[in-house]
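Below is one structure; the comments refer to it alone.
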């Protein structure tokens, strides 16, 4: 086993290696959501690209809804029960990080899990207020809420990116690469067995098809 894939831990005699942590549905959700959020933000001020903006926004909401279901029935580290912790646990995590003690669980750390869940709720709120804006509900008031919530979400995304870089340095492993490969350092018994390629592929194809339907005007109830 090469040096990059292993890491001796203290005096326990155990060896950490690259194990599968993130299944394919989680990775597909993560990167498609990144694309949808960025795409929706970049097209938000263009009337010419309005249909593309709608497609990115509604597809992001669809992805979040799928992720909420997968958070209940998915693999070990995809489940909310694994990473949604109490406020006390989140505070304890922050204090431990400040003292230089890295998070050792291979899944989401308490703070990261909380931020991810908050972002999902914000994206649903963005989508809902965007829908009300399309329907011209309450005039410009809902539109202003839509823009304000989107700005809050963007700020959290920026903090999330900075935190991911910082944690990568502290834990000495690339968290961005882990979300691509699905693998992190851990003990063999901590890994998941099945990557769920079929379900991940179905989510990918379903999201792309939904995006196509919205862009093509096949779902007028969402865009008119």
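Bear in mind these aren't lab numbers, they're just calculated from the coordinates by the rules spelled out. Since this is a predicted model, take the numbers as computed values, not measurements. A quick note on method: Cβ atoms are made from the backbone with ideal geometry, for glycine too, and the neighbour counts reach across all protein chains shown.
The modelled label-to-label distance for the pair residue 224/residue 89, using points 7 Å beyond Cα in the direction of Cβ, is 4.8 nm.
Fewest-first ordering of 106, 149 by other beta carbons within 10 Å of each residue's beta carbon gives 149, 106.
How do 105, 23 rank when sorted from fewest to most other Cβ atoms within 10 Å of their own Cβ? All intermediate terms of the calculation are to be shown ahead of the outcome.
Details: 105 14, 23 24.
Ordered from fewest to most neighbouring Cβ atoms within 10 Å, 105, 23 come out as 105, 23.
As an exercise, use a Förster radius of 41 Å and the Cβ-Cβ distance of residue 51 and residue 76 to find the FRET efficiency, rounded to the nearest 0.05. Please list the in-between numbers first.
Working: r = 39 Å, r/R0 = 0.95.
Using R0 = 41 Å, I get an efficiency of 0.55.
How many angstrom lie between the Cα centre of the range 14-32 and the Cα centre of the range 188-224? The distance from the Cα centre of the range 14-32 to that of the range 188-224 comes to 18 Å. Note on residue 128 and residue 35: with the Förster distance fixed at 25 Å, the Cβ-Cβ geometry gives a FRET efficiency of about 0.75.
Each principal axis of the Cα cloud of the range 17-223 was taken in turn, and the coordinate range along them, longest first, works out to 52, 37, 25 Å.
Treating r as the C-beta distance of residue 158 and residue 208 and R0 as 35 Å, the FRET efficiency rounds to 0.80.
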